[in-house]
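J.: Take this structure first; my questions come after.
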Amino acid sequence: MKIALSSMGTELDAQIDPRFGRCTYFIVVDTDDMSFEAFDNESIALGGGAGIQSVQFVTSKGAKVIITGNVGPNAVSILSAAGLEVITGQTGTVRKAIEDYKMGKLTGSKEADVSDNCGMDGGAGMSRGMGRGTGRGGGMGRGRSN
C-alpha cells in the first residue's frame, strides 16, 4: 500500500512537515518494501487551493493514506470523499510515522484540525509551537515578502 506524508526533506529520516497543502515535499512510501519517492510540493506557493491541489497530486501517485501534521477543512473533505485515510497530528520522522502506522499505532480522522487557509500566514491553528512566518507561505518562519 502507498502512503503519502508531508515532509521537510526528501529522505525517510526527514521530519514530517506540519502543513499538508503547503508542505515542502511529499514522500510517497510503498509499505510493502519501503521503497519511496520524494516530490517537491508545487502547490506551496499557490494563493489559494493548495490543499485541494495537494490532494489531487498524492492521489495521482496512488496514495491510500495521508500522514501529516495538520490538514485544513477543504483538503480533509476532498480526502474523505476520495476514500483516503487521513492521519493528522504527527511529528517526528517519516520513517517513524510509517513504522507506527504499520504497527497499528495511528488512527485516522475525518475532521480538519486547523482553520481554512492557516498555512497562508501562520494564522489560527499554526500557533501550536510551529512558529509564525511573515507574509505569504507562513508557518515554520519561511514566509516570503512581496
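J.: Determine, yes or no, whether Glu11 is in a strand (DSSP E or B) and in contact with a strand residue (DSSP E or B) (Cβ under 8 Å, 6 or more places away or on another chain).
T.: Spelling it out, it is not the case that Glu11 is in a strand (DSSP E or B) and in contact with a strand residue (DSSP E or B) (Cβ under 8 Å, 6 or more places away or on another chain).
J.: Could you tell me whether the stretch 40-59 includes any residue that is in a strand (DSSP E or B), at pLDDT 95 or above and surrounded by fewer than 17 Cβ atoms within 10 Å (Cβ to Cβ)?
T.: Scanning the stretch 40-59, I find at least one residue that is in a strand (DSSP E or B), at pLDDT 95 or above and surrounded by fewer than 17 Cβ atoms within 10 Å (Cβ to Cβ), so the answer is yes.
J.: Taking the condition of being among the small types (Gly, Ala, Ser) and within 18 Å of Ile87 (Cβ to Cβ), how many residues in the stretch 4-55 meet it?
T.: Residues flagged as among the small types (Gly, Ala, Ser) and within 18 Å of Ile87 (Cβ to Cβ) within the stretch 4-55 amount to 7.
J.: Answer with yes or no whether Ala112 is modelled with pLDDT of 50 or more, crowded, with 19+ Cβ neighbours inside 10 Å and not in a helix (DSSP H, G or I).
T.: yes
J.: Can I ask one more? Under the condition of being in contact (Cβ under 8 Å) with a residue 12 or more places away in the chain and surrounded by fewer than 17 Cβ atoms within 10 Å (Cβ to Cβ), which residue from the stretch 24-39 is farthest from the chain's Cα centre (by Cα)?
T.: Asp32
J.: Quick one: Gly21 ticks every box in (1) of a type outside the set (S, T, N, Q); (2) within 12 Å of the chain's Cα centre (by Cα); (3) at pLDDT 95 or above bar one, so which box is it?
T.: Every condition holds for Gly21 apart from (3).
J.: Within the stretch 17-24, is there a residue that is within 20 Å of Thr88 (Cβ to Cβ) and in a strand (DSSP E or B)?
T.: For the stretch 17-24, residues within 20 Å of Thr88 (Cβ to Cβ) and in a strand (DSSP E or B): present.
The values are calculated or read from the model by the stated rules, or taken from the named source; none is laboratory data. Source: prediction; values computed, not measured. Cβ coordinates were reconstructed from backbone atoms using ideal geometry, including for glycine residues, and neighbour counts include every protein chain displayed.
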